[in-house]
Amino acid sequence: MSNFKKTSSKTRFTYVVYLLVAIFFGTSPFFIDAYFLYIFNLIGIGVILTIGLNLVMGYAGQISLSHGAFFGMGAYGTAILVEKLGLSFWVAWPLGGILAAIIGIIIGLPALRVGGHYLALVTLGANEIFNLILIHSEGLTEGVVGLKVARPRIGSFAFSEDAYFFYIVFITCVVLIWVANNIINSQFGRAFNAIRESETAAQAIAINLYEYKLIAFAISAFYAGIAGGLYGSLIKFIDPTNFDLFLSIKYLAIVIVGGLGSIPGSLIGAGIMTVLPELFRAFGDYQHLIYGFILLIFVIFLPRGIIGLLSSLRGIFGVKLRA
Amino acid sequence: MEIIELRNVSKSFGGKVVLHDFDLKISGGEIRALIGPNGAGKTVVLNLISGFYKADKGEIYFNKALLNPKMPYEITNLGIGRTFQKVEIFPSMSVLENVLAGFHREFKSGLLSVSLGLKRTKEEERRLREEGMKKLDFVGLASSANELATNLPYGKLRLLELARALSTSPQFIMLDEPVAGMSSEEIENLKGLLYQLKHMGITILLVEHVMRLVMDISHCITVLDYGEKIAEGSPEEIANNEKVLEAYLGKRRDVKSRAN
Amino acid sequence: MDIQIVISGIVAGSIYALIAVCFVIVYKATQVVNFGQGEVVMIGAYSGIVFFSIVGLSYSLSYIMTILVGIVLGVIMGLICNMAQLKFKVNLFNMFIVTLAIGFILKSAVMLVMGPNPYTLPPIPGMDTAPRKMAGVFISPLHIAIITIALAIMVALALFFKFTKIGKAMRASSLRIIAAKTVGINVTFMFLLIWIINGIVGVNIGLLLSPLVPAETTMGLVGIKAFAAAIIGGFTSIPGAIVGGFILGVIENLSGFFISTAFKDAVAFIILIIFLLFRPTGLFEKRFTKRV
């Protein structure tokens, strides 16, 4: 009985923290300047991508190095539907997410038949192939020249101000975090955990491994696609180099730094890893080096990420790392 | 009525034969024990029935329908549950969640309904939790429901595995050394649970080394040695079977002489 | 069909084969899949060019200096991986991320120091690389030199692993190596040695590449392609990796000629994906069932 109480107060604490964070970010456009607003926009987009990646890596336990491709599919998908087909952003954007999910399934169908190193290699290969397709489909994507993207509009009102755009990002973040939470605390979440912790036992309780890995992959790709659609509109110009292997590795690092399989971890990881290179903005190209070192240090010394570190230092987030 | 039938089933790994021309017939409602010295091939049989191994030769039938070469999850879906020799619970989830995971067969809500937190899903989740607590009650773990599964002592982990296997609503359940590492009291407890399962109409295949349990509870015992069936019969018949004694004693003598 | 294509394929193949062999020897000795090998090759290429055309050393001296760089790189990678694997008990899968990160750091470092523009190796005095007719085919002595040196390295490695005591110990699975500890072989030293060998061979491959293609920070991609070669060979056999390398090189060049150059880049990945799906244990090995 006392254990139940402990869980309850931990959950209460978590909700309060979430609420405070939400209030802070929700009201931020009123008290921060344009530069930070831009950063916050990036963080929000990063959070969406990270949570999606965490679903497939931290929960279902499958590595993916193809998230650059899903992110790119969302960005290019949305941009092309708007710029070339004249669709409204509000239709093109979710479609971009769905397109990304479809790519996720296409890549997952072959990729998820294998695991571990092989899966990493296949997803990496798929990312490279997608990148090549982006570069060579000039008719559609303008190739290496890049594509201009407009900000979304409702009627005559355009979200050209970063502050207004931020609310789109913020609301999407909140909604998608809530959705992720619902999934994780459901039978789907339990199935993903089962697959990660014991494929043998998972099969023995009638879980079709392949099917559920695909589902995790598709959800994850959808998240990345939604993030991609927002990203394209935010930075107003995309080219294939935004969506290459570096991106996949960057988010691998973020997920590990934050803490695999933890939503607070995804928030922290995305936050830190977006802010950090900005601190070194003056030294622009050092970004890549920094990501590399952080990934190396964390994977050796702090494999459970910052959340893991916090949970060892204090009992606050509880022994349970998930959600 | 035969619920499980194995006909001429053989399996080898890289040239080494681990099961040879094995026949097995288990009737509905029976408690069958499968015994034999280490390495005799007992777990191989379980793995073959549950689909983790594919038989090289022979057929496996469940309720007269051919089982091989189906995938393990399909086989569980047909109504066969099992536990494992090496405990395979899910460490990051709570005791209750481990059992809830087992309700996978029953879970009806789709991804959309779950994502949006629809009432229908909340209802189903609530119902499953109730069912899950009943399973935990059955094995006596209800008080540990919200504890992290890894915090449980070994004996209770095995009970958790049993509870989880039961949540798949099996018609036929296979237990691989369920009392390994348990105290006498815990063994008695499990014996009681197995009797209750039999009364609920569940057929049981028990792989075990603890002879006391095997002799007390089984209707029929099948004995394996070096991948071959060497005897089959009632507990009395097996206890007095020369070949069986030789298989076990022979092993012990071998081990002793090598140790010297 | 132009035999030139096949010869280019063989040249490319010898490079892929060598890299694939590096993967296999590190994997067999330490069970680590070394994702950073492409970047080691890249460093070799840059190193040769820097010493030769920037510092102004003779070609031979540049070669030697590059080998030294390779040794240093091998020591560094070996120390990091040793520490991670043996002291911090990083699991094998995360070790893969470790090597990925190392490769990434190397790539970023070179990008910072040398910039994104490609560096071409200037012509080497005394080396006449003009193609001439040999056995009815137009072939450049450069290509012959590359294939020969590559084969020589492969033979040297094969001899090392087959006949020296250390080599034989390394051929065993790592579990047996850990057991070998009790027989007096220092595991840490052996792991370090394999990484040093990996570094030396790696930079050598870069040197072999530099007359063929300009040195760029994206050169590491060749390492990823070589994965396909290693997997064709089953990832655990050196001869398999060599065969895989040549197969990859030839198929790649043939596709480039018959289909398109854009497709050529994708070929390695497509082969990789096909093999991983249908024949992950390679062309030569039997399938294994997972024991439950």
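Can you pull out the residues in region B:77-101 that are assigned to a loop (DSSP other than H, G, I, E, B) and of a type in the set (A, V, I, L, M, F, W, C)? Passing the criteria: B:F84, B:V87, B:I89, B:F90, B:M93. Within region A:169-213, being farther than 22 Å from A:S262 by Cβ and facing chain B (nearest Cβ under 8 Å) holds for A:T200, A:A201, A:Q203, A:A204, A:I205, A:A206, A:I207, A:N208, A:L209. With the structure loaded, tell me whether A:L99 is in a loop (DSSP other than H, G, I, E, B), aliphatic (A, V, I, L, M) and modelled with pLDDT of 90 or more or whether it fails that test. Answer is no for this residue.
If A:V145 satisfies every condition in (1) away from chain B (no Cβ under 14 Å); (2) among the hydrophobic types (A, V, I, L, M, F, W, C); (3) closer than 26 Å to A:L112 by Cα but one, which is the exception? Looking at each condition in turn, A:V145 falls short on (3).
Looking for something facing another protein chain (nearest Cβ under 9 Å) and more than 21 Å from A:N208 (Cβ to Cβ) - is there at least one such residue anywhere in region B:97-118? Yes. Determine whether B:A65 is buried (at least 23 other Cβ atoms within 10 Å of the Cβ) and either in contact with a helix residue (DSSP H, G or I) (Cβ under 8 Å, 6 or more places away or on another chain) or within 29 Å of B:G181 (Cα to Cα) (or both). No, not satisfied. The set of residues in region B:127-150 that are within 10 Å of another protein chain (Cβ to nearest Cβ) and either in contact (Cβ under 8 Å) with a residue 24 or more places away in the chain or not in a helix (DSSP H, G or I) (or both) comprises B:L128, B:S144, B:A145, B:N146, B:E147, B:L148, B:A149, B:T150.
Yes or no, residue by residue, for (1) hydroxyl-bearing (S, T, Y); (2) in contact with a helix residue (DSSP H, G or I) (Cβ under 7 Å, 6 or more places away or on another chain); (3) farther than 19 Å from A:V175 by Cβ:
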residue	(1), (2), (3)
A:Y35	yes, no, yes
A:T50	yes, yes, no
A:N54	no, yes, no
A:F71	no, yes, no
A:G77	no, yes, yes
A:V82	no, yes, yes
A:L85	no, no, yes
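Among the conditions (1) surrounded by fewer than 22 Cβ atoms within 10 Å (Cβ to Cβ); (2) farther than 25 Å from A:G116 by Cβ, C:F88 misses just one, which is (2). Going through (1) under 16 Å from the mean Cα position of the chain (by Cα); (2) within 25 Å of A:N181 (Cβ to Cβ); (3) within 14 Å of another protein chain (Cβ to nearest Cβ); (4) part of a helix (DSSP H, G or I) one by one, A:L49 falls short only on (3). Taking region B:102-125 as the range and being of a type in the set (S, T, N, Q) and either out of contact with any Lys or Arg (no Cβ under 7 Å at 6 or more places or on another chain) or assigned to a helix (DSSP H, G or I) (or both) as the test, the residues that pass are B:S113, B:S115, B:T121.
Could you tell me whether A:L134 is within 14 Å of chain C (Cβ to nearest Cβ) and not β-branched (V, I, T)? Against the criterion (within 14 Å of chain C (Cβ to nearest Cβ) and not β-branched (V, I, T)), A:L134 qualifies.
Of the candidates B:T83, B:T76, the single residue that is closer than 30 Å to B:R129 by Cβ, touching a residue at least 40 places away in the same chain (Cβ under 8 Å) and at the interface with chain A (Cβ under 7 Å from one of its Cβ atoms) is B:T76. Selection of region A:97-127 for residues being touching a Leu at 6+ places or on another chain (Cβ under 7 Å) and either buried (at least 24 other Cβ atoms within 10 Å of the Cβ) or β-branched (V, I, T) (or both) yields A:I105, A:G108, A:A111, A:L112, A:V114, A:A120, A:L121, A:V122, A:T123, A:L124, A:G125, A:N127. Identification of helices (runs of 4 or more DSSP H) wholly contained in region A:214-323 with 1 or more residues that are within 11 Å of another protein chain (Cβ to nearest Cβ) and modelled with pLDDT under 85 yields A:245-258, A:286-301. Run down B:L245, B:L193 and say which single residue is surrounded by 16 or more Cβ atoms within 10 Å (Cβ to Cβ) and away from chain A (no Cβ under 14 Å). When all the criteria are applied, what remains is B:L193.
Evaluate region B:151-173: report whether one residue or more is among the acidic types (D, E) and within 24 Å of B:L100 (Cα to Cα). Taking every residue of region B:151-173 in turn, at least one turns out to be among the acidic types (D, E) and within 24 Å of B:L100 (Cα to Cα).
Annotation for region A:151-160: no member residue is under 29 Å from B:L116 (Cα atoms), of a type in the set (V, I, T) and crowded, with 23+ Cβ neighbours inside 10 Å.
Set side by side, the residues A:E83, A:E138, A:E128 differ, and just one is more than 17 Å from A:V56 (Cβ to Cβ) and touching a Phe, Trp or Tyr at 6+ places or on another chain (Cβ under 7 Å), which is A:E128. Checking each residue in region C:100-117 for being more than 8 Å from chain A (Cβ to nearest Cβ), assigned to a helix (DSSP H, G or I) and in contact (Cβ under 8 Å) with a residue 60 or more places away in the chain picks out C:G103, C:L106, C:V110, C:M114. Out of the residues in region B:51-73 meeting the condition of being hydroxyl-bearing (S, T, Y) and closer than 14 Å to B:V9 by Cβ, tell me which one is farthest from the other protein chains (Cβ to nearest Cβ). Among those that are hydroxyl-bearing (S, T, Y) and closer than 14 Å to B:V9 by Cβ, it is B:Y61.
Which of the numbered conditions does B:N8 fail, given that it passes all the others? Conditions: (1) within 14 Å of chain C (Cβ to nearest Cβ); (2) surrounded by fewer than 21 Cβ atoms within 10 Å (Cβ to Cβ); (3) of a type outside the set (A, V, I, L, M); (4) on the phi > 0 side of the Ramachandran plot. Among (1) within 14 Å of chain C (Cβ to nearest Cβ); (2) surrounded by fewer than 21 Cβ atoms within 10 Å (Cβ to Cβ); (3) of a type outside the set (A, V, I, L, M); (4) on the phi > 0 side of the Ramachandran plot, B:N8 violates only (1).
If we scan region B:42-50, do we find a residue that is more than 10 Å from every other protein chain (Cβ to nearest Cβ) and either part of a loop (DSSP other than H, G, I, E, B) or farther than 26 Å from B:R164 by Cβ (or both)? Within region B:42-50, not a single residue is more than 10 Å from every other protein chain (Cβ to nearest Cβ) and either part of a loop (DSSP other than H, G, I, E, B) or farther than 26 Å from B:R164 by Cβ (or both).
On inspection, A:Y59 does not qualify as in contact with a Leu (Cβ under 8 Å, 6 or more places away or on another chain) and surrounded by 20 or more Cβ atoms within 10 Å (Cβ to Cβ). Of B:L19, B:L24, all but one fail to be in contact with a Lys or Arg (Cβ under 6 Å, 6 or more places away or on another chain), modelled with pLDDT of 90 or more and part of a strand (DSSP E or B); the exception is B:L19.
Among the residues of region C:251-265, those identified as at pLDDT below 80 and part of a helix (DSSP H, G or I) are C:T261, C:A262, C:F263, C:D265.
For region A:205-231, a residue qualifies if it is in contact with a Ser or Thr (Cβ under 6 Å, 6 or more places away or on another chain), of a type in the set (G, A, S) and at negative phi, and exactly one does: A:G229. Among the numbered conditions (1) within 14 Å of chain A (Cβ to nearest Cβ); (2) in contact with a His (Cβ under 7 Å, 6 or more places away or on another chain), the only one that C:Q31 does not meet is (2).
The values are calculated or read from the model by the stated rules, or taken from the named source; none is laboratory data. Keep in mind that this is a model prediction, so the values were computed, not measured. Note that we place each Cβ from the backbone using ideal geometry, even for glycine, and neighbour counts take in every protein chain shown.
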